Amino acid sequence: AKTEGKAQIAIYTEDLDEGRLRRLEIEGQIGSGLGAEEFDVVYQPIIDAVSGAIVSAEALLRWPRRAQGALSPDEFIEVAEATGQIHPLGLYVLERACREIRPLGELCLSVNVSPAQFRHPGFERQVLSILERTGFPAHRLQLEMTESYLLANPGLAIKATEALKSAGIALALDDFGTGFTSIHYLKSYGFTHIKIDKSLLTGLEAGNKAAMLVEGAITLANALDMFVIAEGVEREAQAEVLRAIGCHEMQGYLFSKPVPLAEFMALQQRMKRQ
Ligand code: C2E
Ligand code: CA
Ligand code: CA
Ligand code: CA
């Protein structure tokens, strides 16, 4: 039994070192990747539930890493958050998306922001100067954040977002339904939109428990003048239920997966003609 224990410890430390090595490797590659503009931005349409028109685009980072193969954003963003590289990376996505989406007309733009970015001194100022440089209107920009940020910095959260809100930027709570935050609380933090996490849509059927939960969230959001976006809509049946219970906007593979800019523009043209 003693030797077994030793062997397990040996395996455990080996795993740890491998994990750390991999992170170090990714950290170095993010640094050179940013310099070489290796990162791509794809866009996923957000659809008005009533008219079916594309009203917004969510920008999502992609990293093809020509040599070693693509790495998922969930994986490299975690490393970038740990190393602080999320600051330049986050500003890169924001600036590129503002520049690329601005010529597309009345479209809104949604960009993900990591909790650490809000804590970075000067973040608000940098966002506003990107809007100035790119000419993207503040009232059409929406920043998406998860509630982990609010939980970690209840006081700071209000302060950091005040300048952004007063500039007219919308704030969306991403992945709603995965934590414990109440909608009332969100309103007091200045959120204008909530994005219902795809995990809540899995078993969505007319009249069932999942549908009642989502409907409850929509009713409360309506009472507080907030908008509800359902994400991860994959089936027409889900869209039907969501429309019936008054969900404002939808996003998911049913409409389109995230696509490169040129494809997004073609999609927008096609849907305009419909
Ligand atoms: P998220 O912000 O919750 O983004 C939604 C994720 O769901 C995206 O994964 C999207 O491709 C995927 N998705 C969209 N529609 C469907 C659907 O119908 N079914 C399913 N199964 N999935 C769908 P992606 O692009 O891999 O991004 C993963 C996460 O990485 C994002 O989750 C976000 O937290 C983070 N992320 C991506 N880009 C950025 C960024 O520029 N900055 C920051 N801070 N985080 C980012
Ligand atoms: Ca998001
Ligand atoms: Ca989400
Ligand atoms: Ca997510």
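Here are some notes:
- Taking segment 235-259 as the range and being surrounded by 13 or more Cβ atoms within 10 Å (Cβ to Cβ) and under 17 Å from residue 57 (Cα atoms) as the test, the residues that pass are 248, 249, 250, 251, 252, 253, 254, 255, 256, 258, 259.
- When 132, 144, 215 are screened for being crowded, with 16+ Cβ neighbours inside 10 Å, away from ligand 2 (no atom under 16 Å from the Cβ) and among the charged types (D, E, K, R), only 215 passes.
- Residue check, residue 207 in a helix (DSSP H, G or I), under 20 Å from residue 230 (Cβ atoms) and over 19 Å from the mean Cα position of the chain (by Cα): no
- Whichever residue in segment 147-175 is in contact with an Asp or Glu (Cβ under 6 Å, 6 or more places away or on another chain) and away from ligand 2 (no atom under 16 Å from the Cβ) and, among such residues, is modelled with the highest pLDDT: 164
- Residue list for segment 171-196, restricted to those being within 16 Å of ligand 1 (Cβ to nearest atom) and farther than 16 Å from residue 149 by Cβ: 177, 196
- Considered as a group, the residues in segment 189-212 that are surrounded by fewer than 20 Cβ atoms within 10 Å (Cβ to Cβ) and closer than 22 Å to residue 140 by Cα include one that is farthest from ligand 3 (Cβ to nearest atom), and that residue is 190.
- Test for residue 179: is it in a loop (DSSP other than H, G, I, E, B) and over 17 Å from the mean Cα position of the chain (by Cα): no
The values are calculated or read from the model by the stated rules, or taken from the named source; none is laboratory data. Note that the coordinates shown come from a computational prediction; the quantities given were computed from them, not determined experimentally. Glycine also receives a Cβ, built like all others from the backbone with ideal geometry; neighbour counts cover every protein chain displayed.
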